[in-house]
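The values are calculated or read from the model by the stated rules, or taken from the named source; none is laboratory data. Everything quoted here is computed from the prediction, not taken from an experiment. Here Cβ is always computed from backbone atoms with ideal geometry, including for glycine, and neighbour counts include all displayed protein chains. Side chains are part of the model used for accessible areas, which takes the heavy atoms of the whole protein and leaves out ligands, DNA and RNA. Shrake-Rupley method; radii C 1.70, N 1.55, O 1.52, S 1.80 Å.
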Amino acid sequence: MDRGKIKDYAKRASRYIITFLRWLIYSVVIALVCGIAGCFFHLLIEQAAWLRGKYDFIIYFLPVGGVIIVAIYHLFRLDNISGTNHVMDSTRGDGKVPFALAPGIIISTVITHLLGGSAGREGAALQLGGSLGSALGKLFRLDRDDMHIIVLCGMSAVFTALFGTPLTAVVFVIEVISVGTIYYSAIMPCIFSSVFTYLITVYFDMTPISHYIETVPEISALGLAQTVGLAILFALVSIFWCVSLSKGSALLKKIIKSPYLRIIAGGTALIVLTLILGTDYNGAGMGIVENAVVNGSARPEAFIVKILFTVITLGCGYKGGEIVPTFFVGATFGCVMAPLVGMDAGFGAALGLVGVFCGATNAPIASLFLGIELFGTRGLPYFAVVCAVSYMLSGYFSLYKSQIIVFDKLKAVFINRKTQ
């Protein structure tokens, strides 16, 4: 081999090594900044939920908290920032996310959870991670392409800090933005950011979300048939959930144009509904999800009431996420429907959580990892079937209007269209 080829190979090898080491260092920094911020945010949410449970009267301050949220977003000039959708758009654009989004979403989400709004926390996690990741990218003076990657790293890190599911976090953020394409260049940085963050959560003794399923059926033709039947229903529920959130939010904005009046009206409505229906639907509702999966118990109307509470909460301007309510909707619906087809209620709840999540996010691979990290591998074939069916039959509906479906769900055809 001549000297020129040796130099060429050495140059190419050094490029890979330098890039690897550079992203390894960035990943450590991202984990320290985004991971610790995510852990702090996690503790704030847990403390807010504890206070709300201890002091029932706190829900009466929900309209006041709403006014504070609107004022904060106006003060931080975030009025026109569409939350998670803005972060998703940034990964396809210049990779820039306003730094003010980080404190804005933390304060607003904590207020929402503290006072009894029905919302999750992952939307805040993705926005917080995107904002901090973008700020670090500017600090490191990254170019446009690398800015996309570091934003994804930040999102992965904070998602991991809140849920303790590092693999799901990585796959979700690189799969959900443009369905049908995977940003493979982001895999190594995102994995290291998430794994380092997971080590931080272990250091702080933060327990990851996971549930042991007592009854998992053996693989059989009957079991697979039952699973397909449930998956079809999960796809329909995911469509209903996405349409309700999208159309409900648009309708509320059309009826009440003032953001202050809208959030006051929404807070008042949530107070009345809570007095009538109880406190099960306030906050994230992970206790109800756990009861459905572990004990196989859920009210038949729980999933539809949670949708109503969450549409009012997010549609009127309170802040949080859509994924934990999706867990709630899927788990309670699956828990109720599974016995009707002859399947264990707890296992049906687990299938419903994964299936509705898949249909609502169009992220089948991330959904499969979610099933593994939350429930273990014993039900893996069933989770795979649920993800495949729910993904295909949920059409082009999504929780995220900025999500793009790159390839058609029915044919290997390039369509590159936004979701409904």
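Checked against the criterion of being surrounded by 24 or more Cβ atoms within 10 Å (Cβ to Cβ), among the small types (Gly, Ala, Ser), in a helix (DSSP H, G or I) and modelled with pLDDT under 95, the candidates 330, 348, 371 yield just one match: 371. All told, residue 100 falls short of being farther than 28 Å from residue 174 by Cβ, open to solvent by 10 Å² or more (accessible area, probe 1.4 Å) and either in contact (Cβ under 8 Å) with a residue 40 or more places away in the chain or of a type in the set (Gly, Ala, Ser) (or both).
Please find, among 154, 130, 120, 137, the residue that is assigned to a loop (DSSP other than H, G, I, E, B) and touching a residue at least 24 places away in the same chain (Cβ under 8 Å). Show your work before the answer.
On the way: 154 fails: assigned to a loop (DSSP other than H, G, I, E, B); 130 fails: assigned to a loop (DSSP other than H, G, I, E, B); 137 fails: assigned to a loop (DSSP other than H, G, I, E, B).
On inspection, the qualifying residue turns out to be 120.
For the range 313-327, filtered to residues that are modelled with pLDDT of 90 or more and either small (Gly, Ala, Ser) or in contact with a strand residue (DSSP E or B) (Cβ under 6 Å, 6 or more places away or on another chain) (or both), the residue that is farthest from residue 74 (Cα to Cα) is 315. When 194, 134 are checked against the criterion of being buried (at least 24 other Cβ atoms within 10 Å of the Cβ) and more than 28 Å from residue 315 (Cα to Cα), a single residue qualifies: 194.
Based on this model, can you work out whether residue 36 counts as in a helix (DSSP H, G or I) and open to solvent by 40 Å² or more (accessible area, probe 1.4 Å)?
Values: in a helix (DSSP H, G or I): yes; open to solvent by 40 Å² or more (accessible area, probe 1.4 Å): yes.
Yes, satisfied.
For the subset of the range 203-223 comprising residues that are open to solvent by 60 Å² or more (accessible area, probe 1.4 Å) and in a helix (DSSP H, G or I), which member is farthest from residue 286 (Cα to Cα)? Top of the filtered list is 221.
Does residue 318 count as touching a helix residue (DSSP H, G or I) at 6+ places or on another chain (Cβ under 6 Å), crowded, with 23+ Cβ neighbours inside 10 Å, part of a helix (DSSP H, G or I) and not β-branched (Val, Ile, Thr)? It would help to see each step written out before you state the result.
Numbers: touching a helix residue (DSSP H, G or I) at 6+ places or on another chain (Cβ under 6 Å): yes; crowded, with 23+ Cβ neighbours inside 10 Å: yes; part of a helix (DSSP H, G or I): no; not β-branched (Val, Ile, Thr): yes.
No; evaluated as a whole, the condition is false for this residue.
Residues in the range 224-260 that are polar (S, T, N, Q) and part of a helix (DSSP H, G or I) were compared, and the one that is nearest to residue 314 (Cα to Cα) is 249.
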